[in-house]
Amino acid sequence: MARTIVAVAMLIAATSVGAQKMLATYPTLTTAAALQAAQAALARCDKDGYTVAVAVVDRSGQPLAVLRENLAGNHTTPTAIGKATTAVSFRTDTSELATATLPGKPQSGVRDLPNIVAIAGGIVLRAKGSLVGGIGVSGAPGGDADEVCARAGAAAIADALELE
């Protein structure tokens, strides 16, 4: 009798596992969308007189498009990628993360984590409620100016992706 109950329980458990969805589907940016956003962000910074690098990453933080003005500093490319990746990882713009992680704040230790760039200039991209990627800009005089350029990149693809 006990063996029958155990066998039935195992059969029920196996059936419910088999009925579970085993593949995830989710929206993410295409390379074409990333390139368009990066070009628009770079154009905005160029218009404002800033020599920068721009990175657009997918929802997992992997770079899809990276552009750099030929005179942008060597540090700007990894910093732009870092800003975009940090925004995606924390699901918040890096300007908000920078404020939340100032010394003396409860989350200040976040700045000590590897590959975290808690400086304004990285923004998340969301479409229809889903995180789809991020844009990071580095090289303008201050993170606020970097963020203006990143937002111009997002605006360039907003209608096509129904970005929020």
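Residues of the stretch 102-133 that are closer than 30 Å to Ile157 by Cα and of a type in the set (Ser, Thr, Tyr): Ser130 alone.
Number of residues in the stretch 34-66 that are surrounded by fewer than 17 Cβ atoms within 10 Å (Cβ to Cβ) and in contact with a Leu (Cβ under 9 Å, 6 or more places away or on another chain): the value is 2.
Scanning the stretch 48-62 for residues that are outside any strand (DSSP E or B) and not aromatic (Phe, Trp, Tyr) yields Asp48, Gly49, Thr51, Val52, Arg59, Ser60, Gly61, Gln62.
With respect to being at pLDDT below 95 and either out of contact with any strand residue (DSSP E or B) (no Cβ under 8 Å at 6 or more places or on another chain) or part of a helix (DSSP H, G or I) (or both), Arg44 falls outside the description. Sort out which residues of the stretch 90-128 are crowded, with 18+ Cβ neighbours inside 10 Å and closer than 18 Å to Ala145 by Cβ, and write them in order of number. Within the stretch 90-128, Asp93, Thr94, Ser95, Leu97, Ala98, Val117, Ala118, Ile119, Ala120, Gly121, Gly122, Ile123 meet the criteria. Just wondering, is there one or more residues in the stretch 67-89 that are surrounded by 14 or more Cβ atoms within 10 Å (Cβ to Cβ), in a strand (DSSP E or B) and touching a residue at least 12 places away in the same chain (Cβ under 8 Å)? Taking every residue of the stretch 67-89 in turn, at least one turns out to be surrounded by 14 or more Cβ atoms within 10 Å (Cβ to Cβ), in a strand (DSSP E or B) and touching a residue at least 12 places away in the same chain (Cβ under 8 Å). Residues in the stretch 30-38: is at least one under 17 Å from Asp146 (Cβ atoms) and either in contact with a strand residue (DSSP E or B) (Cβ under 9 Å, 6 or more places away or on another chain) or charged (D, E, K, R) (or both)? Within the stretch 30-38, one or more residues are under 17 Å from Asp146 (Cβ atoms) and either in contact with a strand residue (DSSP E or B) (Cβ under 9 Å, 6 or more places away or on another chain) or charged (D, E, K, R) (or both).
Step by step: first the residues of the stretch 134-164, then only those that are in contact (Cβ under 8 Å) with a residue 12 or more places away in the chain and of a type in the set (Asp, Glu), then the one that is surrounded by the most Cβ atoms within 10 Å (Cβ to Cβ). Which residue is that? Among residues in the stretch 134-164 that are in contact (Cβ under 8 Å) with a residue 12 or more places away in the chain and of a type in the set (Asp, Glu), the one surrounded by the most Cβ atoms within 10 Å (Cβ to Cβ) is Asp146. A single member of Ile123, Ile157 is closer than 20 Å to Ala32 by Cβ, part of a strand (DSSP E or B) and either in contact with a strand residue (DSSP E or B) (Cβ under 9 Å, 6 or more places away or on another chain) or among the hydroxyl-bearing types (Ser, Thr, Tyr) (or both), and it is Ile123.
Of all residue pairs spaced 6 or more apart or on separate chains, those with beta-carbon atoms under 9 Å, a first member in the stretch 31-45 that is touching a residue at least 24 places away in the same chain (Cβ under 8 Å) and a second member that is β-branched (Val, Ile, Thr) and part of a helix (DSSP H, G or I) are Ala33/Ile157; Ala34/Ile157; Gln36/Ile157; Ala37/Ile157; Ala40/Ile157; Arg44/Val148; Cys45/Val148.
Residues that are under 22 Å from Cys45 (Cα atoms) and of a type in the set (D, E, K, R) do not occur anywhere in the stretch 121-128.
The values are calculated or read from the model by the stated rules, or taken from the named source; none is laboratory data. None of the values given here were measured: they were computed from a predicted structure. FYI the Cβ positions are ideal-geometry reconstructions off the backbone, even for glycines, and counts take in every protein chain you see.
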